[in-house]
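The values are calculated or read from the model by the stated rules, or taken from the named source; none is laboratory data. Only a predicted model underlies this, so the values are computations on that prediction, with no experimental measurement involved. All Cβ positions, glycine included, derive from the backbone under ideal geometry; neighbour counts span all protein chains shown. Heads up: the accessible areas ignore ligands, DNA and RNA and are worked out on the full protein's heavy atoms, side chains in. Shrake-Rupley method; radii C 1.70, N 1.55, O 1.52, S 1.80 Å.
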Amino acid sequence: MDPKVVLVPLDGSPLAEGALDPAIGFGREGAKLIIIRAVETHVAPFADPTDAQVAAIQEAENYLAAVAMRARNAGVTDVETSVWYGPPVESIADAAHFRKVDLIVMSTHGRSGLGRLVLGSVAESVLRATSTPILLLRPEAPAWVKDALAAQREVARV
């Protein structure tokens, strides 16, 4: 695969940033990286949401600027950032469509069963919402395995 434009959706978490290294690899090979963050705010009824929206967008822009600098320092020459105001799934799918990306690189928690049912899966929803190919990365171990290992270590410590 030789993508020319790669979309990297981030939410500010270390898990999401796990997608950066593979995306940077594509960038070093000449692909343009478009790093996005979707933001939303929730305010009390009858309150003016403008201040909260502006603050959320500014925070996201600052975060993305720092991430873009990391990508540039790692050897990527063509990096753009973009903040999308709205729900993550729709923002990612729309960004992929409107920016005509060749590949989406993103992380997933690796939840299954009840955890995915209760918490949902942005990655799975994006997969259903777009025809753009997705490189979906899991953490080194699924969340439920990490929880079980942590519990075992705690028991062993006692």
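Just a few scattered comments:
- Solvent-accessible area per residue, Å², over segment 1-119 with all protein chains present [probe radius 1.4 Å]: 55 Å²
- Interatomic Cα distance distribution for segment 42-109, bins of 5 angstrom, percent: 3, 13, 17, 23, 21, 12, 7, 3, 1, 0
- Sum of side-chain charges, GLY12 neighbourhood, beta-carbon under 11 Å (Lys, Arg +1; Asp, Glu -1): -2
- Charging the Cβ of each Asp and Glu at -1 and of each Lys and Arg at +1, and nothing else, the dipole of segment 1-75 about its Cα centre rounds to 400 debye.
- Ordering of 49-62, 77-90 by burial proxy (mean other Cβ atoms within 10 Å per residue, highest first): 77-90, 49-62
- Within segment 26-139, the proportion of C-alpha pairs whose separation exceeds 23 Å stands at 39%.
- Gain on full stretching of the segment that runs from ALA66 to GLU90 - 0.36 nm per residue minus C-alpha separation: 6.2 nm
- Cα pair distances exceeding 14 angstrom across segment 17-78, given as percent: 62 percent
- In segment 1-40, the alpha-carbon atoms span a convex hull of 62 Å³ per residue.
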